[in-house]
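Bear in mind that the values in this text are calculations on the coordinates, not laboratory data. Just so we're clear, the structure is a prediction, and the values are computed from it rather than from any experiment. When we count neighbours, we look across all protein chains shown, and the Cβ atoms used for this are built from the backbone with ideal geometry, even at glycine.
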Amino acid sequence: RDKATTDRYHDEDVHAAMAQVLATAPPPDKTAVDEDTTKMGVADDDSKAATVALGDALVNVIQVISGCRTKRADQNNSDTSSSTMMVAVEWSPMLSQIDRSLAYIASLDAKAKQEDDDHPSAAATADAHKQTLEAVAAWKAQLESLLSSSNAIVSTFEATAVTWLLHALEWLVATRSYVEDDDSEDTATSVIARGHHLRSTCPTSGSVEGFNHDDMMHEWRQATLWPLHHLEAQRAATAAWEASLEAQMSARTLTLGHIDAVLSEADAVQADDRPVWVELRKVKTWLVKAKKVLKAKQTAKLPLHTLGSLVDEGGKLKIRTGVWAALEAEHDAAAQWEAKLKASGLDVGQAKIATLV
């Protein structure tokens with residue numbers, strides 16, 4: 001053997017790789033160059049044995065790196081499972097996390113249904129609403145009768161006041177329908193605008209024959225327009241909740257574990273929480289799909305493109321989950337390893353063992 005061939009056997013990269021993965025790898029015999037470059041009396045058989053030993057060691061290293069290490073003859077049958085785990089990710093913890101997330105969504109559904117069941121019965125609510133409307137209708141009928149019996153040609157303060165009171169009672173009924181009926185055609189903005197108009201047009205005339213009409217109109221205004229302040233406060237709180245929800249969803253900072261609190265806040269301000277439930281349905285669908293994919297790959301490698309597709313779909317959801325964050329981390333780590341492998345030159349046969357290790 002010439003000096004170049006012998007030195008190649010002592011390449012530092014080869015020794016570094018072998019030291020890490022082969023505890024029992026036979027070291028190459030000391031060559032003549034190590035003792036005396038002028039001594040070339042090493043037997044051909046010894047040189048061939050060293051070459052074969054080193055070649056076997058290199059093959060073993062490459063097999064370990066590529067995940068294709070063959071089973072040794074002295075391995076027990078019990079080693080099969082551990083060998084499989086070397087080349088496959090353990091997805092059981094992830095599957096458990098998916099199950100917990102699905103159970104959490106199911107608990108939110110159950111809680112919402114329970115709250116609906118705890119509300120007063122529809123019959124009782126309808127009876128109370130009917131009685132209230134009948135009382136208001138009776139008052140309106142009396143006022144309309146009084147107004148029709150008056151002289152329509154002559155405009156008086158009383159006629160103006162009665163007309164205003166009729167409109168105020170109609171507005172009061174509309175506010176009740178808006179609060180009680182989710183399908184009401186009236187919006188908070190329209191109801192509040194009508195209330196402000198009534199408050200600004202409430203007639204005043206001072207005192208006539210010792211009777212203070214202003215005091216009377218003030219009492220009527222207080223009795224009919226009292227919901228206006230509450231509606232304005234509710235609209236402000238609802239707008240703040242909706243703005244906060246939109247900001248969190250747009251920035252994808254809303255986490256699954258925080259949904260219960262978000263729904264409670266919506267209930268407190270009587271906000272429309274349907275956008276939250278729409279996104280929850282999407283999250284549930286994605287979690288079920290992720291569970292199906294991972295469960296099928298518990299004993300085999302999951303293709304990187306499959307994992308990437310799953311992560312991309314989860315990244316489009318407006319509600320973040322711990323499952324998605326964990327899968328994204330797995331995907332990023334695998335993508336980095338693949339990039340490193342391609343950069344090593346293994347595919348063109350130019351990789352160094354130390355680089356791969």
Ranked list, fewest to most other Cβ atoms within 10 Å of each Cβ, for Trp220, Trp337: Trp337, Trp220
Sorted by chain and then number, the residues having a modelled amide H within less than 5 Å of the amide H of Leu302, at least 5 places away or on another chain, are Val89
On full extension of the chain, what length is gained from Glu144 through Ala343, given 0.36 nm per residue of separation minus the C-alpha to C-alpha distance? 62.7 nm
By count of other Cβ within 10 Å, fewest leading, how are Trp277, Trp171 ordered? Trp277, Trp171
7 Å from Cα along Cα→Cβ at both Phe157 and Val269: what's the point-to-point distance in nm? 4.3 nm
Which of Thr306, Thr224 has the fewest Cβ neighbours within 10 Å, and the rest in rising order: Thr306, Thr224
Can you give the FRET efficiency for Thr187 and Ala247, using 1/(1 + (r/R0)^6), R0 = 35 Å, r = Cβ-Cβ distance, to the nearest 0.05? 0.95
Could you tell me whether segment 230-281 comes out rounded, prolate or oblate from its Cα gyration tensor? Rule is a ≥ b ≥ c as square roots of the eigenvalues, rounded for a/c under 1.5, then prolate if a/b exceeds b/c, otherwise oblate. prolate
